[in-house]
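**Student:** One structure is given below, represented as structure tokens, and several questions about it will come after.
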Protein chains: 2
Amino acid sequence: MTSTPSNLQNETLDVEECTCFNLRKATRTVTQLFDDAMQPTGIRATQFTLLAAISSTGTVAIRQLSQILVMDRTTLTRNLKPLETRRLIKIVPGEDRRTRTLTLTDKGRKTLEKSLPFWRKAQAEVIERLTPKRWRDLLKQLDSTVKILGD
Amino acid sequence: MTSTPSNLQNETLDVEECTCFNLRKATRTVTQLFDDAMQPTGIRATQFTLLAAISSTGTVAIRQLSQILVMDRTTLTRNLKPLETRRLIKIVPGEDRRTRTLTLTDKGRKTLEKSLPFWRKAQAEVIERLTPKRWRDLLKQLDSTVKILGD
DNA sequence: ATATTTTAAGTGTATATGCTCATATTATGA
DNA sequence: TCATAATATGAGCATATACACTTAAAATAT
């Protein structure tokens, strides 16, 4: 009986189908596209999302926003830092003094408004290149994934 | 004629459909699931991917691997650091002395082998919870996305 | 054969992500 | 009311990501 060689090789082929790896790969690709498109605005795609979220919620606490964005609270806190440093947002204690509430500054609002066309352009380009059907399918799959695997 | 109020509110609703944001959100969710499942192995999902890739390619240069993984070269360099520190991989100059080639150490091979069942379990859980059909659709969409938007 | 160009890689800087632990404040229960 | 539990946050630590710039080595062109 010949000893079976380590089947490491065969196993690792499966790894090309790793859900995590493929998601991260696609995220790298798309984030680079968006960051590149947003470059003239001075803010990144991630930062744009935060400004837009704060704009649409109005005043909101950190924990609250982290739940809306399905983002770790401490990650959000860190991500807010560069926005606060550049005075795009204001962070002040809430009525419940455990909380800190977020609001856009005038500068933040202006930055968001100026950035919107660039975001829209990037988004439109992605939809066009993927085709609307594929894009809708992608978003649908991503949404299912978060809903089903979240928590 | 009534003046239209700032349509910032309406605009930002679209942002919930931001391709970049939704990808990042799903990636956060899935990465947390994988990292959690891999926790007993002492390596993270991202690191597992690197070990598996090096194992399947055999000796490989950094640039080469970065292209295989569709990953920025400098990102790969940084990601290799903790693996090298823990002596899971060896980085040595290649024949072309501009290059540095990567190989698994014995410890790296052992770590990869021990990690495989945990990765498989996480992957199986994801496929089961999403259902195989949805999972295949997701992977297909991610692959299209990278192929179409890459470069 | 040497000057020029191309290619591979490392480093500085900045952001993004999330776990663990510590602290402050509010809510609750005896 | 006062001790305890629950909640909101920040900070330390480690990794992940990528642009711009620099350096070294190989390829090429004259």
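**Student:** Say a label goes 7 Å from Cα toward Cβ at residue A:36 in every copy; what distances in nm does this one have to the rest, shortest first?
**Tutor:** 3.5
**Student:** Given label points at 7 Å from Cα along Cα→Cβ, what nm distances, shortest first, separate residue B:125 from the same residue in every other copy?
**Tutor:** The projected label point of residue B:125 is separated from its counterparts by 3.8 nm.
**Student:** Please list, ordered by chain and number, the residues whose modelled amide H lies under 5 Å from the amide H of residue A:60; skip anything fewer than 5 residues away on the same chain.
**Tutor:** Under 5 Å from the amide H of residue A:60 lie the amide H atoms of A:102, each far enough along the sequence or on another chain.
**Student:** Among the listed pairs B:81/B:121; A:81/A:147; A:25/B:147; B:90/B:147; A:81/A:140; A:25/B:140, which have their C-alpha atoms separated by more than 20 angstrom in this model?
**Tutor:** From the list (B:81/B:121; A:81/A:147; A:25/B:147; B:90/B:147; A:81/A:140; A:25/B:140), the Cα-Cα distance tops 20 Å for B:81/B:121; A:81/A:147; B:90/B:147; A:81/A:140.
**Student:** List the GluC sites (Glu not before Pro) in segment A:74-115 that DSSP assigns to loop (not H, G, I, E or B) and whose Cβ has at most 12 other Cβ atoms within 10 Å. Which are they?
**Tutor:** Counting only loop positions with at most 12 other Cβ atoms within 10 Å, the GluC sites (Glu not before Pro) in segment A:74-115 are A:95.
**Student:** Taking segment A:45-151, which trypsin sites (Lys or Arg not before Pro) meet the DSSP loop condition and have no more than 14 other C-beta atoms within 10 Å?
**Tutor:** Those that pass, being in a loop and sparsely packed, are A:87, A:97, A:98.
**Student:** Let me ask you something else. Rounded to whole Hz and in sequence order, give me ³J(HN,Hα) for segment B:67-73 from the Karplus expression 6.51 cos²θ - 1.76 cosθ + 1.60, θ = phi - 60°, writing x for Gly and Pro.
**Tutor:** 6, 4, 8, 6, 9, 4, 4
**Student:** Residue A:128 versus residue B:73, label points 7 Å from Cα toward the beta carbon: distance in nm?
**Tutor:** The modelled label-to-label distance comes out at 3.2 nm.
**Student:** May I pose another question? Chains A and B: buried accessible surface, both sides, probe 1.4 Å, rounded to 100 Å²?
**Tutor:** Interface area, both chains combined: 5900 Å², rounded to the nearest 100.
**Student:** Okay, next question. For n ≥ 4 DSSP H runs only, could you compute -39500 (n - 2.57) per run for chain A, divide by its residues and tell me the 222 nm figure to the nearest 500?
**Tutor:** -22000 deg cm²/dmol
**Student:** Ordered shortest first, which distances in nm separate the 7 Å Cα→C-beta label point of residue A:96 from those of the other copies?
**Tutor:** 5.9
**Student:** Oh, and also: In Å², and per residue, what accessible area does segment B:3-151 have when probed at 1.4 Å with the other protein chains present?
**Tutor:** Roughly 55 Å² per residue, with all protein chains present.
**Student:** In addition: Measuring from centroid to centroid over Cα atoms, what is the spacing of segment A:93-151 and segment B:25-62 in Å?
**Tutor:** Cα centroid to Cα centroid, the span is 27 Å.
**Student:** First check a/c for the protein assembly as shown, with a ≥ b ≥ c the square roots of the eigenvalues of its C-alpha gyration tensor; if it is under 1.5, answer rounded, and if not, answer prolate when a/b is larger than b/c or oblate otherwise. List each step's numbers first, then the result.
**Tutor:** Details: a/c = 1.94, a/b = 1.89, b/c = 1.03.
Prolate.
**Student:** Is the shape of segment A:43-149 rounded, prolate or oblate, going by the alpha carbon gyration tensor and its root eigenvalues a ≥ b ≥ c, with a/c under 1.5 for rounded and a/b larger than b/c for prolate?
**Tutor:** It comes out oblate by the Cα gyration axes.
The values are calculated or read from the model by the stated rules, or taken from the named source; none is laboratory data. Values in this document were obtained by computation on a predicted structure and should not be read as measured data. Please note: Cβ atoms are built from the backbone with ideal geometry, for glycine as well, and neighbour counts cover all protein chains shown. Only protein heavy atoms, including side chains, enter the accessible area calculation; ligands, DNA and RNA are left aside. Shrake-Rupley method; radii C 1.70, N 1.55, O 1.52, S 1.80 Å.
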